[in-house]
Amino acid sequence: MIGHLAYAAGSPCPTFVLDAGRLPRDDDALLAHLAEARRYLVSAGGAHVLKIALVEPSAHPMFDLDYRFVQALPGAPDRFDLRGSCGHSVLSAVVAAARSGMLPRLVPGARIRVQVLNNGDSVVCEVDRVERDGAAFTVTFVQSAPVPFGELLPAGTPRTQLVAGADRTEVSLVASANAYAFVDARELGVPDQAALFDAGDELLGRLEALRAAAADRLGWPSDGAFPKIAAVLPSVDGGIAARAVTVPGWHPSIALTGVVCLGTAVRIPGTVPWRIARENGADTGLLEIETTGGRTAVTAVTAAPGAAGGEGALLWATVARKSVTFQGSFVLTPLSHLQFKEVAQCLALSGAA
């Protein structure tokens, strides 16, 4: 088996891409194989690679690629979370699949349609630019039918109060691309964008505790990776400033799925992001999101209230200017005999990505 590494700009780490057709279908057997692969990745210097993408050509006539995301968790090589997805890893998987011959060669204008098996998402990756070692994309998360706003609120309301330690805080639990808890950073004593971006371990710990409380509220494992959490407030240049948490620690920017979810949340009346966006007049059209890793933008297209049983509905969300670098391939023949020299060369390319 061939393993591939690809890095999407803005992601906390590269994605480890494998051919799902060569792996067991049973989850227990699959995770046993992935745990073995992780042990050897760690031995070769790849402990930071916590994203795994399993891909194969889709049998569905509407899709080119079936994709399944596996979030590796710190602490032990056999700890995984299969609940959510990762947009950066979708793009990494597309690039790796094209390099391996699973997909046709990428060319500008090509559209790769990806079926996300974790949550049923449909993702269209349109190639904007192709380079020697990667590609750039515009990414659209498409709904097969309008999704009423109420179905995007897993707690049933736009805002939910959570208790974590000394914090009793309102958050918005929104599920679009991934489930997120959005909290107004000012409710945690963070006054502005500069303070949010400079915040350290104290705020990180409070957000992680709130994330665990959100998982409890949804009936999910509190020590898993989902839901994600992000603190938000008005950006100094318009739009929204966001600081997100990943596995482990602060996200270097914000997940692609987080961009989509935040863009969606801004369109849902009553949510924390909707209220913040209205402060800056950013509640319609393109939403600019400022992070510690730079600026990104999303357009979430919705149907007006009345089009879905009296409430609005999500149609699609688009994010542009997302680039991926292909970092190399290595042989696993089988997984228990991973070739360390090839893996180490790939990991040296990924560095601190």
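The values are calculated or read from the model by the stated rules, or taken from the named source; none is laboratory data. Keep in mind that this is a model prediction, so the values were computed, not measured. Don't worry about glycine lacking a Cβ; one is built from the backbone with ideal geometry, like all the others, and counts go over all protein chains shown. Heavy atoms of the whole protein, side chains included, go into the accessibility calculation; ligands, DNA and RNA do not. Shrake-Rupley method; radii C 1.70, N 1.55, O 1.52, S 1.80 Å.
One table, with the values for the structure above:
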quantity	calculated
Residue satisfying all of: in the stretch 125-143; out of contact with any Cys (no Cβ under 9 Å at 6 or more places or on another chain) and within 17 Å of Gly263 (Cα to Cα); modelled with the lowest pLDDT among these	Gln143
The stretch 87-102: number of residues that are of a type outside the set (A, V, I, L, M) and open to solvent by 10 Å² or more (accessible area, probe 1.4 Å)	3
All positions within the stretch 217-233 that are open to solvent by 10 Å² or more (accessible area, probe 1.4 Å) and either of a type outside the set (Gly, Ala, Ser) or in contact (Cβ under 8 Å) with a residue 40 or more places away in the chain (or both)	Arg217, Leu218, Trp220, Pro221, Asp223, Gly224, Lys228
Qualifying residue in the stretch 165-176 (condition: modelled with pLDDT of 95 or more, open to solvent by less than 30 Å² (accessible area, probe 1.4 Å), out of contact with any Phe, Trp or Tyr (no Cβ under 6 Å at 6 or more places or on another chain) and within 20 Å of Asp66 (Cα to Cα))	yes
Residue in the stretch 132-141 that is out of contact with any strand residue (DSSP E or B) (no Cβ under 6 Å at 6 or more places or on another chain) and either closer than 19 Å to Tyr180 by Cα or open to solvent by 60 Å² or more (accessible area, probe 1.4 Å) (or both) present	yes
Any hit, the stretch 103-122, residues being among the acidic types (Asp, Glu) and surrounded by 17 or more Cβ atoms within 10 Å (Cβ to Cβ)	yes
The stretch 1-50 - residue that is basic (Lys, Arg) and under 16 Å from Asp78 (Cβ atoms) and, of those, surrounded by the most Cβ atoms within 10 Å (Cβ to Cβ)	Arg38
Residue in the stretch 193-214 that is crowded, with 24+ Cβ neighbours inside 10 Å, under 20 Å from Ala265 (Cα atoms), touching a residue at least 40 places away in the same chain (Cβ under 8 Å) and among the hydrophobic types (A, V, I, L, M, F, W, C) present	yes
Arg186 vs. criteria in contact with a Ser or Thr (Cβ under 7 Å, 6 or more places away or on another chain) and in a helix (DSSP H, G or I)	no
Residue count, the stretch 268-295 (criterion: open to solvent by 20 Å² or more (accessible area, probe 1.4 Å) and either more than 25 Å from Ser144 (Cα to Cα) or assigned to a strand (DSSP E or B) (or both))	11
Residue within the stretch 248-264 that is among the hydroxyl-bearing types (Ser, Thr, Tyr), closer than 28 Å to His48 by Cα and part of a loop (DSSP other than H, G, I, E, B) present	yes
For Trp220: the one exception among (1) under 21 Å from the mean Cα position of the chain (by Cα); (2) outside any loop (DSSP other than H, G, I, E, B); (3) closer than 19 Å to Arg159 by Cα	(2)
Criterion violated by Tyr67 - all others in (1) part of a loop (DSSP other than H, G, I, E, B); (2) within 19 Å of Ala225 (Cβ to Cβ); (3) of a type outside the set (A, V, I, L, M) satisfied	(1)
